[in-house]
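Peer 1: After the C-alpha cells below, expect a handful of questions from me.
The values are calculated or read from the model by the stated rules, or taken from the named source; none is laboratory data. From a predicted model like this one, the values you see are computed outputs, not experimental measurements. For neighbour counting, all protein chains shown are included, and Cβ atoms are generated from backbone atoms with ideal geometry for every residue, glycine included.
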Amino acid sequence: MDCDPPFLVTYNTLLQNSLGETRNEKTSMVVERSSCELPLIDFARLNPHCPEREECMKEIVEAARQWGFFQVVNHGISQELLESLQFELMKVFHRSFHAKTQENFLNLPAKSYRWGNPSAINLRQLSWSEAFHISFPDISKMEKHKSLRSKIEAFATTAAHLAETLGEILAQKLNIKSGYFLENCSSFVRLNRYPSCPFSSKVFGMIPHSDSSFLTILYQDQVGGLQLLKDGKWVDVKPNPQAVIVNIGDIFQALSNGVYKSIKHRVVAADKVERFSVAYFYCPSDDAVIQSNGIPLVYRKFTFREYKQQTEKDVKETGDKVGLSRFLS
C-alpha cells in the first residue's frame, strides 16, 4: 500500500541481518502467549449518590497498585464518537506516505508525524507503526479537516476529564496535593496505525516501553495485539469494545514513590491485518517539579522537562528508553 511507510527499504540492513541468523529464541518474537482480563471499573459507581462509590475508589487504587493497568466502562466517551474517530483515523492514515510527510499535513508541524525508530540498531528496537502526535494547542489548528478535528477535540476533552477524576482519586489516597497536574499541562493525543508486517515474528508493532505520562487513556480497536508485562510474563490484553484502557505512567509512579506501577507494555505486529488506536497522555507542565511522596524516597526530585530530555537522549544514543532508573534517589 502506498500509505505504508518504507520500512523494508529504510530498515533493509537490519532485516537482512536478522533473516540471515539462525531462527532461535533470541531472534524470534514468537513466545507462548496467554491473555488476561484487566480489572474492570464501572465509572457509573462514582456517582456521589451511589452507595458503592467508596468501594469503586478502592478498586481503582488497588488496580493502580497491583496492575498499573485497568479498564473503565461508562467512561463518558460515547461509542458513536469512538467508532467515528476510528473511521477518521483510517481515512487520514490511508493517505499516501508522501502526503503524510509533507510540511503542514493536517495543518500540523512536520514533527507531528512519526514512524519506525530512527535510532534502532536492531530489530528489537524497531516499531512497525506510524503515529501523529498532536498537542492540545495544535488540535485547533486543523481548520481544513473539521471532521477529524471535531472528533479529536471531543475525545481529548472527555479523556482529560476522565484522567483528572482518576488522578484526583489516586492522589487523595496518598495525601498528594489535589490538582497537582491540572494547570499548564502538556498533554497530547497520539493517533496510531500498525500496518500488517511480513516479519511479525521478528518485529514489534510497538517496542516494550512504559509511558512517560501521569496517566494514559487508550482506545483500541478489536484487532488486539496489546500486551503488558505481568509477573515477569507478557500477556495479551483482550479488547473490550465498551471500555477504554487506563494505565499509570512513569510520572505518577515517581510521584507516588513507587506505590502505583508504571508497567511495561508493547504491541505485537500482525502479519495480515492493520490495527488502529488513539491515546490521550495526561502530562504535567514541563516545569512541574516531580517530588516523591513517601519515606524513604525512591526517586530524587526532578522536573518533567528533565525527564523528557533524558528520555530523548537515551533513545537517541541507545535506541531504548531507560526511564525512571535514571532518577533513583
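Peer 1: Tell me yes or no: at least one residue of region 135-153 is buried (at least 16 other Cβ atoms within 10 Å of the Cβ), free of Cβ contacts under 8 Å to residues at least 24 places away in the same chain and over 17 Å from I251 (Cα atoms).
Peer 2: yes
Peer 1: Applying the selection to region 101-134, what residues are of a type in the set (S, T, N, Q) and free of Cβ contacts under 8 Å to residues at least 60 places away in the same chain?
Peer 2: Selection gives T101, Q102, N104, N107, S112.
Peer 1: Looking at P39, P48 in this structure, which one is on the phi < 0 side of the Ramachandran plot and either modelled with pLDDT of 95 or more or within 20 Å of the chain's Cα centre (by Cα) (or both)?
Peer 2: Result: P39 is the single residue among P39, P48 that is on the phi < 0 side of the Ramachandran plot and either modelled with pLDDT of 95 or more or within 20 Å of the chain's Cα centre (by Cα) (or both).
Peer 1: Let me ask you something else. Can you tell me which residue within region 310-321, out of those that are buried (at least 17 other Cβ atoms within 10 Å of the Cβ) and charged (D, E, K, R), is farthest from I121 (Cα to Cα)?
Peer 2: So, considering only residues that are buried (at least 17 other Cβ atoms within 10 Å of the Cβ) and charged (D, E, K, R), the one farthest from I121 (Cα to Cα) is K321.
Peer 1: Mind telling me which of the residues V298, V244 ends up being farther than 15 Å from F69 by Cα and modelled with pLDDT of 95 or more?
Peer 2: Sole residue among the options that is farther than 15 Å from F69 by Cα and modelled with pLDDT of 95 or more: V298.
Peer 1: With respect to the numbered conditions (1) surrounded by 20 or more Cβ atoms within 10 Å (Cβ to Cβ); (2) farther than 28 Å from F93 by Cα; (3) touching a strand residue (DSSP E or B) at 6+ places or on another chain (Cβ under 7 Å), which one is the sole condition not fulfilled by H265?
Peer 2: (2)
Peer 1: Is one or more of the residues making up region 257-277 in contact with a Leu (Cβ under 7 Å, 6 or more places away or on another chain) and either on the phi > 0 side of the Ramachandran plot or at pLDDT below 95 (or both)?
Peer 2: Looking for residues that are in contact with a Leu (Cβ under 7 Å, 6 or more places away or on another chain) and either on the phi > 0 side of the Ramachandran plot or at pLDDT below 95 (or both), one finds at least one in region 257-277, hence yes.
Peer 1: List pairs: first residue in region 296-309 and loosely packed, with under 15 Cβ neighbours inside 10 Å, second residue of a type in the set (K, R) and part of a loop (DSSP other than H, G, I, E, B) anywhere in the structure, Cβ distance under 9 angstrom, at least six positions apart or on different chains.
Peer 2: Taking only residues 6 or more apart or on different chains, not a single pair turns up.
Peer 1: Only one of (1) crowded, with 16+ Cβ neighbours inside 10 Å; (2) closer than 30 Å to A154 by Cβ is not met by D287, so which one is it?
Peer 2: Unmet condition: (1).
Peer 1: While we're looking at this one, here's another question. Quick check, is E164 in a helix (DSSP H, G or I), charged (D, E, K, R), out of contact with any Ser or Thr (no Cβ under 7 Å at 6 or more places or on another chain) and surrounded by fewer than 16 Cβ atoms within 10 Å (Cβ to Cβ)?
Peer 2: In short, no.
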